[in-house]
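Heads up: the structure comes next, in structure tokens.
The values are calculated or read from the model by the stated rules, or taken from the named source; none is laboratory data. Because the structure is a prediction, the values reported are computed rather than measured. No Cβ is skipped: glycine too gets one built from the backbone with ideal geometry, and neighbour counts run over all protein chains shown. Please note that ligands, DNA and RNA were not included when accessible areas were found on the heavy atoms of the full protein model with its side chains. Shrake-Rupley method; radii C 1.70, N 1.55, O 1.52, S 1.80 Å.
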Amino acid sequence: MTPPHSAIPRVSIILSTFDRSALLPGALAALREQADAPPYEILVVDNNSTDETASVVAAAAAEDPRIRYIFEPRQGLSHARNAGIAAAAAPVLAFTDDDVRADRHWVRAIAETFERHRDAWFVGGRVLPRWPAPPPAWLTERHWAPLALCGVEEEFRSDAAYPYPLVGASLAVRREVFARLGHFAAEVQRVRDGIGSSEDHDFLLRAWAAGGHGIYSPRIVVTADVQPERMERAYHRRWHRAHGRFAARMTRAVPPGTERRHAEATLFDLPAWFYRRVAAAALDYLKGLGRAPAERQAQREHRLLQLVAYVGEHARGRAGGAGWVLAVPREVARFGAALVRKKLRRGAPAPPNLARRRTDIYAFNGF
């Protein structure tokens, strides 16, 4: 689709928003004031807002023809982004959010990174915080994932060998990648003010599994508002539980070398070694109570919360929904019998394809 201005864009910026009309003027101002950038357009996708979003965008578009308004009634970030992808005119699609402020050279840095790395499927960069107050001592960079922040200062390659996820608030993708992989997945998307979603991670998993890679460049910079409630432990606990559940839903693709192979002894389709990891995480957390530094103990707690939530969601999916608790005795009995058979065969040649199954949560969190 050709935009309503003369210069055909090389970059389409897709900004998804929901009921945050007060934030839009600042976000749009930063995008309109890009310096030394190639031709670009700004697509604002209104994800069924009930506030003044439409009028705010209309006023900005009256001043700048590069801005286009798109309404997407289906609620969810993936739906909004996918609507932007369908309407975009450029070969490079750059995604950002309404609470993000792009650096003046953001678009130029994206274009130059793609130019230097012509085989890269996607690029991303730093997402730095704008704190409303000094953060608590435990909230170090190790705990930035729930805030969708990243401050790494060195360039690196993001691929199956180094599956470091780039942040969606500053992610740019070549258009042809979506034609190859499909769009953002609705089943793992953020809806309204939900947290812990994994639409970005799911997309990157599919890219890595297809042999693609991305480039992280510290020259690609945006800043993001951090709401006060997101600096509290309660928010981070909720995020990690939710992220564990979303990670369990990502079952379509894993990076090469981490194919899903069913171990012989499984409980709710998860192998015995996985549960040993959960037990080790629980023991690690208990050992740290009252002893470990706050930052380290928070990390242990969050890891345990994710793993437990992952198991619960996986069990619900395996057993067919809310009645999964009723399936526990049967699953445990089957699991125990499989362990006994495995022990009796110890020393015999291992059957083929019984390699450990590496789950999505490991690919993202290094567990």
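Computed values, structure above
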| item | result |
| --- | --- |
| Cα centroid of region 116-143 to Cα centroid of region 72-112, whole Å | 17 |
| Convex hull per residue volume in Å³, alpha carbons only, for region 114-195 | 151 |
| Förster radius 30 Å - calculated FRET efficiency between Arg157 and Phe71, Cβ distance, rounded to 0.05 | 0.20 |
| Inter-label distance, nm, simple model (7 Å from Cα along the C-beta direction), Ala22/Ala7 | 3.4 |
| Burial order of peptide ranges 133-140, 303-310 (average beta-carbon count within 10 Å, highest first) | 303-310, 133-140 |
| Ratio Rg/Rh [Cα only; Rh per Kirkwood] for region 110-263 | 0.97 |
| Computed magnitude of the charge dipole of region 193-251 (debye, nearest 20; Cβ of K, R +1, Cβ of D, E -1) | 260 |
| Cα-projected label distance for Ala186 with Arg142, points at 7 Å along beta-carbon direction, nm | 4.0 |
| Length gained when the stretch Glu33-Leu128 is fully extended (0.36 nm per residue, less Cα-Cα span) | 32.3 nm |
| Under-5 Å amide H pairs with Ile42, H placed in peptide plane, nonlocal only | Ile13, Ile67, Arg68 |
| Whole-Hz couplings from phi, Karplus 6.51/-1.76/1.60, listed for region 267-280; x for Gly and Pro | 10, 6, 6, 10, x, 4, 5, 5, 5, 5, 5, 5, 4, 5 |
| Carbon plus sulfur fraction of accessible area for region 1-120, probe 1.4 Å, in percent | 53 |
| Accessible-area order (highest first, 1.4 angstrom probe) of the listed residues His105, His201, His236 | His105, His201, His236 |
